Amino acid sequence: YEMVQQPDGKIILSGDIDFYDSKSVGKVIRLNLDGSHDRTLKANLPAGFIPVNMELMSSRNILLYDYSRVIKLGPNGGLKSTLQINGISSVLPLPNDKIMVTTWSGGLYRYKANFTLDTAFPNQANFADGPIADVAIQGSQLVICGSFTTVNGVAKNDLARLSLNGTVDSTFDTGMGTNDWLSGIVINPVDGRIYLLTYMNAFDGVAGFFGMGRLDSNGAIDPLFRPITYSQPTEIFFTSDHKIVSSGYSGIVKFNDDGTPV
């Protein structure tokens, strides 16, 4: 279901995995640079847990999560912590190894590295009045998306930017936003622009989007960026030569920074 690359280039795979290279393996495996199985990773997972989603922490600990549990493994697979919370939609490890968790019921929480609740953040089960689908970090701020009309008591349509203490950033002006559905966010680490994985038809009165939209770092929609993705993508990647790659259920598409196909 998921794949992440370690800083040393090794790749971790997670999912409903039973075999690799004709040999019986567990649900989380690591590959060496040549594709061979790195057997030094021995994932100690709770019985019956299928790791649907995965994130890598700066400490090289591995976060795995499904709808109701977040599991933290050490770099070689030892079980460190388990967090039980219903309706998990996304998990984001922060650079200081704290962890943001969003829920389909509009919850937003920040946990310390040991999985205790960070009381310096306004953790709320109804931080938004509808589902929060994803959270991403943009510099020293957070961006959340989903299907909501208010965030921490402030009117925002499906997209908002927050300070790290949870206050809504009033300078992030998305105009009317959208009343459709934003399923994910990817931030370009070079210029801070925000890419929306989306089912939206219009944003701030500009119509004609499907699959992907792009905002400037201040929240304004780029009306000319309309790449042909063929379906709603689930991931976006940026190449060293300033190309954009999207992947989804219909395959992989590569296009230029202006959205034209490569």
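Points worth noting:
- Selection over the stretch 27-44 of residues that are open to solvent by less than 40 Å² (accessible area, probe 1.4 Å) and either assigned to a loop (DSSP other than H, G, I, E, B) or modelled with pLDDT under 95 (or both) gives a count of 3.
- Leu196 being within 20 Å of the chain's Cα centre (by Cα), within 15 Å of Met100 (Cα to Cα), open to solvent by less than 10 Å² (accessible area, probe 1.4 Å) and aliphatic (A, V, I, L, M): no
- Within the stretch 48-65, residues that are more than 16 Å from Asn114 (Cα to Cα) sit with their Cβ atoms under 6 Å from residues that are among the basic types (Lys, Arg) and surrounded by fewer than 19 Cβ atoms within 10 Å (Cβ to Cβ), at 6+ positions apart or across chains, in these pairs: Pro51/Lys27.
- Test set (1) under 25 Å from Glu235 (Cβ atoms); (2) in contact with a Ser or Thr (Cβ under 9 Å, 6 or more places away or on another chain); (3) open to solvent by 40 Å² or more (accessible area, probe 1.4 Å) - Pro189 fails condition number: (2)
- Residue count, the stretch 160-195 (criterion: assigned to a loop (DSSP other than H, G, I, E, B) and aromatic (Phe, Trp, Tyr)): 2
- Evaluating Thr116 against the criteria (1) closer than 24 Å to Tyr1 by Cα; (2) without any contact (Cβ under 8 Å) to a residue 12 or more places away in the chain leaves one unmet condition, (1).
The values are calculated or read from the model by the stated rules, or taken from the named source; none is laboratory data. A quick note: this is a predicted structure, and the numbers were derived from the prediction, not measured. Here the Cβ is made from the backbone with ideal geometry for all residues, glycine too, and neighbour counts use every protein chain on show. Quick note on the areas: whole protein, heavy atoms, side chains included, nothing else; ligands and nucleic acids left out. Shrake-Rupley method; radii C 1.70, N 1.55, O 1.52, S 1.80 Å.
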